[in-house]
Amino acid sequence: MTMASPGEEMHHVYWCPETFPTSFVAQWEMQNQHLEAGLCIVFFAATGLAGEDVMDPSLPNRDGTFSQYNNEALQNYHISYYAHNPKLPGRPVARLRKNPGKNIVNEGPPGIEFTSDRIHKITLIKEGVHIRLFVDERPIIDWSDTGEINGAPLGAGKIGLRQMQWTQFHYRNFKVWEASE
């Protein structure tokens, strides 16, 4: 799958149609097609605030505007693991946030270097409250949700891949396995 915004006009999110369990291992490969700029995020454990499916028609429409995913009607975790934003140059970290509210709960080294056009393997592991993300088997994020920030740890939900408008990546071999806690 290639994700890109025609004319670089809008940010975009691709939601996987399955609801994934509280504990899982997700893995995919991706390759940058536009080294000039970009931002990649993975949303996971995503539901409506009352536990609705993210595609429930009772939830407000979303058009890619970031606040619609982290401040309004959804709860989720999200990790930014590729950051090359021309408006915020030189961001040297990956970030895990707990939403709603954009609460930064963990930071790690950059996931995908902004100069790389290689194929990278991303591995996201959520074992109950323990969250880890690896890029090419290199640890990027490692955090456990104790419930002290923004309420109880999040459980089952959707996974979504988000890119900013000027981002172009190829994705392949997306796989998810249920894991035990």
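Please report the net charge: other residues with Cβ closer than 15 Å to the Cβ of Val54, K and R +1, D and E -1.
Summing Lys/Arg as +1 and Asp/Glu as -1 gives -3.
If Lys and Arg each add +1 and Asp and Glu each add -1, what is the summed charge of the other residues whose beta carbon sits under 10 Å from the beta carbon of Ile125?
0
Anyone know which of Ile119, Ile41, Ile141 comes out most mobile in the 10 Å Cα GNM of the chain?
Looking only at Ile119, Ile41, Ile141, the biggest GNM fluctuation is shown by Ile119.
Within the accessible area of the chain, what % is carbon and sulfur when the probe is 1.4 Å and the other protein chains stay in place? All intermediate terms of the calculation are to be shown ahead of the outcome.
Details: 4290 of 8460 Å².
Answer for the chain is 51 percent, counting heavy atoms of protein chains only.
For the range 105-115, just list the computed ³J(HN,Hα) in residue order, Karplus coefficients 6.51, -1.76 and 1.60, θ = phi - 60°, integers in Hz, with x standing in for Gly and Pro.
Karplus values, whole Hz, x for Gly and Pro: 10, 6, 10, x, x, x, x, 9, 5, 5, 8.
For a protection proxy built on the mean count of beta-carbon atoms within 10 angstrom, sort 26-36, 145-155, 58-68 highest first, please.
My ranking of the peptides, most packed first, is 26-36, 145-155, 58-68.
Order of 13-22, 164-173 by packing, highest average Cβ count within 10 Å first? Walk me through the numbers on the way to the answer.
On the way: 13-22: 15.0, 164-173: 17.4.
Packing proxy ranking, top to bottom: 164-173, 13-22.
Evaluate the charge dipole of the chain about its Cα centre and quote only its size in Debye, nearest 20, assuming +1 on the Cβ of each Lys and Arg and -1 on the Cβ of each Asp and Glu.
280
The values are calculated or read from the model by the stated rules, or taken from the named source; none is laboratory data. Every value quoted in this text rests on a predicted model; they were computed, and no experiment measured them. Note that each Cβ is placed from the backbone with ideal geometry, even for glycine, and that neighbours are counted across all protein chains shown. All accessible areas refer to the heavy atoms of the entire protein, side chains included, with ligands and DNA or RNA removed. Shrake-Rupley method; radii C 1.70, N 1.55, O 1.52, S 1.80 Å.
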